[in-house]
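Below is one structure, written out as structure tokens; the observations come after it.
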Amino acid sequence: MDNEKKRIVSGMRPTGKLHLGHYFGVLQNWVKIQEEFESYFFIADWHALTTKYNQTEDMRQNVEDVLLDWLASGIDPNKSTIYLQSFVPQTAQLHIYLSMITPQNWVERDPTLKDLAKIMKDKQENMSNLSYGLFGYPVLMTADILLFNSHYVPVGIDQVAHVELTRDIARRFNNVYKNDYFVEPQPKLTQIPLLKGLDGNKMGKSFNNDIKISDSAEITEKKFKSAITDRNRIRRDDKGNPDNCEVVWDYWKIFGTEDEKQEICAGCTGATMGCADCKKRLVKKINDYFAPIREKREELAKNKDYLKDVIFEGSKKARIKAQEVLDGAEKVIRMYK
Ligand code: TRP
Ligand code: SF4
């Protein structure tokens, strides 16, 4: 059907409050995309269990925090289907079928899984202690995506390998059952470069180097004061170079107009502007931008019933479409019906 909208699906693990890397790397993209596509966004609580099966005390809060960040950032439940993975059991059913046709060495090769495995290993748990569920991570993710027979998956660059595997599994399913039932979905990336953490390393909650969407203006300012700058610019009258100041300059690339960027660049290279002033100007721009989002988040946080409603209603909608796709897959497999 030509006039049917193309479908997209994407999810995030409930790891707590989201940071600006999530916002610019993924969320902004979703907000745009929901205008054009039939969109499914879900909180991947089962995926969280693959590594945190024994740290579930914050699960409830984390799910709520992710949902709040989404809604405040403009993911609109009237435009998109927002759901909780564990509220759509068809995911697990499809996962079973896909796990049967996925060769074990495909899963073992998955580079993102290797990263996850390494994290677990660093925490003293060796490879042989990885759970059966964690090995199934890429297949579970494939189930999430194929569950709506989605055309596109808007994710950050770190997830692209997973989407590649999803394509492989979809193709294999179609080959095994001599059908063209599943669409081979494609990743859909944002243009924004990966934002670094304040210390110049990968931004992440566990590194304590991130700025949260929900951080107050004061906290944002305080955090930026500690951000690393051009290492060669030690004193105020040393000349600097924005290209050696990735952390701050990457934000200027997002927030600055052409004129402002030129001005900052001139002030930095000519040593007529200090780093403190540069950061102060930048922080004001960031805080102005996020002020309405932060305000909306605070409002929404007061209304727990509404949040529950969004998840319940969205999950109900997701189950209907998921059941349809699952039924079709079972028919193709020739399950007893
Ligand atoms: N693996 C993703 C992450 O860690 C979350 C995720 C799970 C996902 N299932 C998905 C993303 C399906 C896109 C599509 O962020
Ligand atoms: Fe970085 Fe700005 Fe300092 Fe230049 S002036 S080194 S861009 S913080």
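For this structure, a couple of remarks:
- The residue of segment 26-43 that is nearest to Pro154 (Cα to Cα), among those that are in contact with a helix residue (DSSP H, G or I) (Cβ under 9 Å, 6 or more places away or on another chain) and open to solvent by less than 20 Å² (accessible area, probe 1.4 Å), is Trp30.
- Qualifying residue in segment 233-248 (condition: within 24 Å of the chain's Cα centre (by Cα) and at pLDDT below 95): yes
- Of the listed requirements (1) more than 26 Å from Leu67 (Cα to Cα); (2) within 16 Å of ligand 1 (Cβ to nearest atom), Lys321 misses just one: (1).
- Residue match in segment 278-295 (condition: exposed (fewer than 13 other Cβ atoms within 10 Å of the Cβ), polar (S, T, N, Q) and away from ligand 2 (no atom under 16 Å from the Cβ)): no
- Only one of Tyr152, Tyr132, Tyr137 that is more than 16 Å from ligand 1 (Cβ to nearest atom), aromatic (Phe, Trp, Tyr) and either closer than 23 Å to Val107 by Cα or open to solvent by less than 50 Å² (accessible area, probe 1.4 Å) (or both): Tyr132
- Phe148 modelled with pLDDT of 95 or more, away from ligand 2 (no atom under 16 Å from the Cβ) and over 14 Å from the mean Cα position of the chain (by Cα): yes
- Output for segment 21-66, where each listed residue is part of a strand (DSSP E or B) and either at pLDDT below 95 or farther than 19 Å from Gly204 by Cα (or both): Glu38, Ser39, Tyr40, Phe41, Phe42
- For segment 236-251, filtering for residues that are touching a helix residue (DSSP H, G or I) at 6+ places or on another chain (Cβ under 6 Å) and outside any loop (DSSP other than H, G, I, E, B) leaves 3.
- Restricted to segment 13-24, and to residues there that are open to solvent by 20 Å² or more (accessible area, probe 1.4 Å) and under 27 Å from Glu184 (Cα atoms), the residue that is farthest from ligand 1 (Cβ to nearest atom) is His22.
- Selection of first residues in segment 32-60 that are of a type in the set (S, T, N, Q) and of second residues that are in a loop (DSSP other than H, G, I, E, B), restricted to Cβ pairs under 6 Å at least 6 apart or on distinct chains, gives the following pairs, ordered by first then second residue: Gln34/Lys79.
- Scan segment 287-303 for residues that are in a helix (DSSP H, G or I) and without any contact (Cβ under 8 Å) to a residue 40 or more places away in the chain and the total you get is 6.
- Taking the criterion of being over 20 Å from Arg60 (Cβ atoms) and assigned to a helix (DSSP H, G or I), the residues of segment 71-90 that qualify are Ser73, Gln90.
- Test: residue in segment 78-96 that is over 21 Å from Val325 (Cβ atoms) and open to solvent by less than 10 Å² (accessible area, probe 1.4 Å): no
The values are calculated or read from the model by the stated rules, or taken from the named source; none is laboratory data. This one's a predicted model, so the numbers in the text were calculated from it and none came from an experiment. Note that we place each Cβ from the backbone using ideal geometry, even for glycine, and neighbour counts take in every protein chain shown. Calculation scope for accessible area: heavy atoms of the full protein, side chains included, ligands and nucleic acids excluded. Shrake-Rupley method; radii C 1.70, N 1.55, O 1.52, S 1.80 Å.
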